[in-house]
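Data block below; observations after.
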Amino acid sequence: MCRFFGMIYYWLMTGMAAVVSLFFYPCRVRGAVNVPRSGGFILASNHISNIDPILLPVVCPRQMRFMAKDSLFSHPVLGALMRWGGGFPVRRGRADRQALGEFLRQLERGYPVLIFPQGTRGGVKPQAGVGFLAARSGKPVLPVYIEGTDLVLPKGKAFPQRHPVRVVFGKPLLFLSEESPEVIAEKIMAAILALKDIH
């Protein structure tokens, strides 16, 4: 029952976000046919704005899961809403084994799980964690490139301004478990940035 309610809540919130996007950030999507129709996979995207985790559920046809900083879950109401929407907490600045375990469990349950290899907005070097998860899970990694959300809600701004955005889904990638997490992370980030020139 709780899972069913969570699904209804997820698509209700996603629908509301889609309506908002029509006004503030009309989106052009490329490569949606590359999104696997079933099974778990890692949705790996660049990260340039706080809008990114709101936009991706709108453009991805699959119900996804995502990690969010643990402080957001400390409030009883907000924490419950985050969990119903598919979120689970992660402690930043350290190796959070509980969060990594939950990430892998959601993949095994057949959900796409969103991760930003850069870690924070505008990060330059990808974090090895995405490489570890790709190797450990054996699940496909779907690279995604986002463009324009940094102009919708620039750093330091509290209210969005209208600007078109673009999202490009690449083809799913598989990695050998023998490769180091650092090497896999670099390959994933390179695959994301390679989507920049697809229009």
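The values are calculated or read from the model by the stated rules, or taken from the named source; none is laboratory data. Just so you know, these numbers come straight off a predicted model, no measurement behind them. Positions of Cβ are backbone-derived with ideal geometry, glycine not excepted, and every protein chain shown enters the neighbour counts.
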**Prompt:** Among the candidates Phe23, Phe88, Phe41, Phe5, which residue alone is buried (at least 17 other Cβ atoms within 10 Å of the Cβ), aromatic (Phe, Trp, Tyr) and farther than 22 Å from Leu193 by Cβ?
**Reply:** Phe88
**Message:** Can you tell me which condition Ile54 does not meet? The list is (1) surrounded by 14 or more Cβ atoms within 10 Å (Cβ to Cβ); (2) among the aliphatic types (A, V, I, L, M); (3) at pLDDT 95 or above; (4) out of contact with any Pro (no Cβ under 7 Å at 6 or more places or on another chain), and all the others hold.
**Reply:** (3)
**Message:** Against the definition (part of a helix (DSSP H, G or I), buried (at least 20 other Cβ atoms within 10 Å of the Cβ) and of a type outside the set (Val, Ile, Thr)), how does Gly131 come out, yes or no?
**Reply:** yes
**Prompt:** From the residues in the stretch 152-198 that are over 19 Å from the mean Cα position of the chain (by Cα), acidic (Asp, Glu) and in a helix (DSSP H, G or I), which one is farthest from Ile42 (Cα to Cα)?
**Reply:** Asp197
**Request:** May I ask you to list the residues in the stretch 134-151 that are in contact (Cβ under 8 Å) with a residue 24 or more places away in the chain, not small (Gly, Ala, Ser) and not in a strand (DSSP E or B)?
**Result:** Arg136, Lys139, Pro140, Thr149, Asp150
